[in-house]
Every structure is written in C-alpha cells, then in structure tokens.
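The values are calculated or read from the model by the stated rules, or taken from the named source; none is laboratory data. A quick note: this is a predicted structure, and the numbers were derived from the prediction, not measured. In this analysis, Cβ positions are derived from the backbone assuming ideal geometry, glycine residues included, and neighbour counts consider all displayed protein chains. These accessible areas exclude ligands, DNA and RNA; they are computed on the full protein's heavy atoms, side chains included. Shrake-Rupley method; radii C 1.70, N 1.55, O 1.52, S 1.80 Å.
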Amino acid sequence: MRRWIVLALFIVCVLGAGMGMGFLARPTEWYESLAKPAFAPPNWVFGPVWSVMYVLIAIAGWRTFERNKFGKSMKLWVGQMLVNLTWPVFFFGFQDPYRAFILIILTTALVLWYTIENWSRDRIAAYLFTPYTLWLFYATALNAAVWLMNRAAETKPLFGDQPPLFGG
C-alpha cells in the first residue's frame, strides 16, 4: 500500500510542478511574435505532450526512489527534473532562447545519463525515459531553430559575446 501512495505522490508532485511551471511561464505575445520553423507544432500540443511526459518521468522517478533513495540514479533524476523545470523560466519568463537552449542541452545530457545509468539496473525506468528523450531531441532542435531565427543584437550572451556559429 505504501508503495502506491509514494507513486501517487510522485505523479502528483511531478505533474503539478510541470503544470504549475507551464502556467507561470506560458507563451505570451512575445512568443507569438517570434519566427518559428515549419516543424513547430501548434501551442495546444505542448500541454498534452508534457502531461504524458511528466507522468512517465514520475513513474521512472518512483521506481528509482523505491530502489535507492539516495543513489546516483536518484540524483540524476532530481537533477534533470530541476533543470527541466527551469527551462520555461528562461525561455518564456526571461524571453531568452539562447540560455534556454543551453538548459535544454543540459537536460538532455542528464536524461541520457540517467537512462544509461538505469539500463542495467531498471530497464523499465530507462524505457520510460525513451519518449522523453525523443521529445527532448525534437524540443532541442525547435529551441535552436527559434534562437537562430530570432537572433538579435539585444540577445544577452551567456558568457561574453555569442560566438558565431561554425565561424560564420
């Protein structure tokens, strides 16, 4: 019984945090005004997709928590969750696709690390991250495209001036 209560708490907390962040840092007129690539989905797609992702992320986190509450996998899970929840603050809140791009790369790296770390320990938890990983690859491409299509002089560089891409 306790296991199922912990699972329910994981789902409520992760889904609640994701939905809360989505509500606080939702698309605004600024986002609507941006140039977007042809592969950008309509805004209504993000809510359902992230709802499913957050449930899968929660179940994977719960499985990891049940196996080893303070182990490396749990730390990776918490780390990717914190960075994931920070992304909308930078992209929508600070209106900074460049820094958001850095964060989504970090999120993807942590998700891949978590998946590799769990592949031999809990294959189900690793599989639960597969749709999330694929979505992050897509979202990274989307974030990069939005950043590149809207690069402007007022974009704040992360470390000094933004270097030209590939020397150009």
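Give me a count of the residues in region 28-39 that are over 18 Å from Asp96 (Cβ atoms) and surrounded by 10 or more Cβ atoms within 10 Å (Cβ to Cβ).
1
Is region 130-137 home to any residue that is under 21 Å from Gly20 (Cα atoms), without any contact (Cβ under 8 Å) to a residue 24 or more places away in the chain and not aliphatic (A, V, I, L, M)?
Looking for residues that are under 21 Å from Gly20 (Cα atoms), without any contact (Cβ under 8 Å) to a residue 24 or more places away in the chain and not aliphatic (A, V, I, L, M), one finds none in region 130-137, hence no.
Restricting attention to region 46-73, which residues are part of a helix (DSSP H, G or I) and either in contact with a Pro (Cβ under 7 Å, 6 or more places away or on another chain) or free of Cβ contacts under 8 Å to residues at least 12 places away in the same chain (or both)?
Of everything in region 46-73, those that are part of a helix (DSSP H, G or I) and either in contact with a Pro (Cβ under 7 Å, 6 or more places away or on another chain) or free of Cβ contacts under 8 Å to residues at least 12 places away in the same chain (or both) turn out to be Pro48, Met53, Leu56.
Conditions first: (1) open to solvent by less than 40 Å² (accessible area, probe 1.4 Å); (2) farther than 21 Å from Phe90 by Cβ; (3) modelled with pLDDT of 95 or more. Ile11 passes all but one, so which condition is the exception?
(1)
Which one of the conditions (1) in contact with a helix residue (DSSP H, G or I) (Cβ under 7 Å, 6 or more places away or on another chain); (2) assigned to a helix (DSSP H, G or I); (3) at pLDDT below 95 does Arg26 fail to meet, given that it meets all the rest?
Only one criterion in (1) in contact with a helix residue (DSSP H, G or I) (Cβ under 7 Å, 6 or more places away or on another chain); (2) assigned to a helix (DSSP H, G or I); (3) at pLDDT below 95 is unmet by Arg26, namely (2).
Looking at the structure I just gave you, is Leu106 closer than 18 Å to Thr140 by Cα, open to solvent by 50 Å² or more (accessible area, probe 1.4 Å) and modelled with pLDDT of 95 or more?
Against the criterion (closer than 18 Å to Thr140 by Cα, open to solvent by 50 Å² or more (accessible area, probe 1.4 Å) and modelled with pLDDT of 95 or more), Leu106 qualifies.
Yes or no, residue by residue, for (1) among the small types (Gly, Ala, Ser); (2) open to solvent by 20 Å² or more (accessible area, probe 1.4 Å); (3) modelled with pLDDT of 95 or more; (4) farther than 20 Å from Glu66 by Cβ:
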position	(1), (2), (3), (4)
Leu110	no, yes, yes, yes
Tyr114	no, no, yes, no
Arg121	no, yes, no, no
Ala125	yes, no, yes, no
Phe129	no, no, yes, no
Thr133	no, no, yes, yes
Thr140	no, yes, yes, yes
Arg151	no, yes, no, yes
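State all residues of region 88-100 that are in contact (Cβ under 8 Å) with a residue 12 or more places away in the chain, surrounded by fewer than 22 Cβ atoms within 10 Å (Cβ to Cβ) and among the hydrophobic types (A, V, I, L, M, F, W, C); if no residue qualifies, say none.
Listed by number, the residues that qualify are Val89, Phe90, Phe92.
Out of Met53, Met21, Met1, I need the residue that is in contact with a helix residue (DSSP H, G or I) (Cβ under 6 Å, 6 or more places away or on another chain) and either open to solvent by 50 Å² or more (accessible area, probe 1.4 Å) or modelled with pLDDT under 90 (or both). Which one?
Among Met53, Met21, Met1, only Met21 is in contact with a helix residue (DSSP H, G or I) (Cβ under 6 Å, 6 or more places away or on another chain) and either open to solvent by 50 Å² or more (accessible area, probe 1.4 Å) or modelled with pLDDT under 90 (or both).
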